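The values are calculated or read from the model by the stated rules, or taken from the named source; none is laboratory data. What you see is a predicted model, and the numbers here were worked out from it, not measured in a lab. All Cβ positions, glycine included, derive from the backbone under ideal geometry; neighbour counts span all protein chains shown.
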Amino acid sequence: MFETLLEAFQGSPLALWGPLALLLLCGLGLPIPEDIVLIAAGALGEMEGRSWLQVSVVMYLGVIGGDTMIFFAGRQFGTRLMATRWFQRVCSPEKQRKVEQFYEKHGAKGLFIGRFLPGLRAPIFFSAGSLRVSFWKFLALDGFAALISAPFFVWLGHWLWDNFQDNFEELQEMLVRTQSYVLWVTIGIVVVGGLFFWLSVRRRTE
């Protein structure tokens with residue numbers, strides 16, 4: 001996927017706006033890993049001589065725009081859309097149950113954690129809309145989380161291309177290795193977030 005995105009957008013005006021459009025389409029259900037799009041955007045930015053900050057700002061807007069579309073789809077269509085065959089292909093009933101359990105455990109604070117869970121991110125945001133979570137609360141929590149994740153993945157794309165552009169096979173290996181590191185960091189964030197939530201609940205009940 002990473003190589004395909006580079007080939008599609010390299011050397012064209014879409015080097016910046018193509019990944020932005022894909023991030024928005026992810027909000028409409030396009031099944032492309034958002035993190036790979038951000039990494040590819042960073043690599044394309046390095047090729048085109050754009051600063052990491054410039055690319056990060058544009059991609060951040062794309063991430064928030066896509067997430068907002070998912071949220072409002074949940075707000076407008078809610079359970080009706082969940083019952084359709086198309087939605088259940090994208091988000092199986094088993095995954096929907098996981099999201100419900102996730103909300104029962106973490107509540108609205110789960111919106112922050114949800115940004116770091118690729119497989120559950122869209123269902124979590126959709127459910128937030130259908131459960132009538134305040135849009136401003138959603139935007140604040142998701143926006144803060146995206147402020148961490150989006151610039152990081154753009155920076156990663158910059159760094160990978162800057163250091164491994166002459167050896168694409170090594171670049172791909174490094175990308176896979178880095179994604180495994182990110183997975184462990186994500187697990188750490190979820191565990192720490194869950195611990196803080198449990199401690200805060202325990203203090204209130206004492």
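Just a few scattered comments:
- Any hit, segment 83-102, residues being in contact with a His (Cβ under 9 Å, 6 or more places away or on another chain), at pLDDT below 80, part of a helix (DSSP H, G or I) and not charged (D, E, K, R): no
- Restricting Phe168, Phe144 to residues that are within 22 Å of Glu34 (Cα to Cα), modelled with pLDDT of 80 or more and of a type outside the set (Lys, Arg) narrows the list to Phe144.
- Test: residue in segment 110-128 that is assigned to a helix (DSSP H, G or I), buried (at least 17 other Cβ atoms within 10 Å of the Cβ), touching a Ser or Thr at 6+ places or on another chain (Cβ under 6 Å) and modelled with pLDDT of 65 or more: no
- Subset of segment 45-65 [within 22 Å of Thr4 (Cβ to Cβ) and modelled with pLDDT under 90]: Gly45, Glu46, Met47, Glu48, Arg50
- Considered as a group, the residues in segment 54-69 that are surrounded by 23 or more Cβ atoms within 10 Å (Cβ to Cβ) and not small (Gly, Ala, Ser) include one that is farthest from the chain's Cα centre (by Cα), and that residue is Val55.
- Arg177 being at pLDDT below 65 and assigned to a helix (DSSP H, G or I): no
- Residue check for Ala145: crowded, with 22+ Cβ neighbours inside 10 Å and touching a helix residue (DSSP H, G or I) at 6+ places or on another chain (Cβ under 8 Å): no
- When the helices (runs of 4 or more DSSP H) confined to segment 1-52 are screened for residues that are without any contact (Cβ under 8 Å) to a residue 60 or more places away in the chain and over 14 Å from Ala150 (Cα atoms), those reaching at least 2 such residues are found at 2-9, 14-26.
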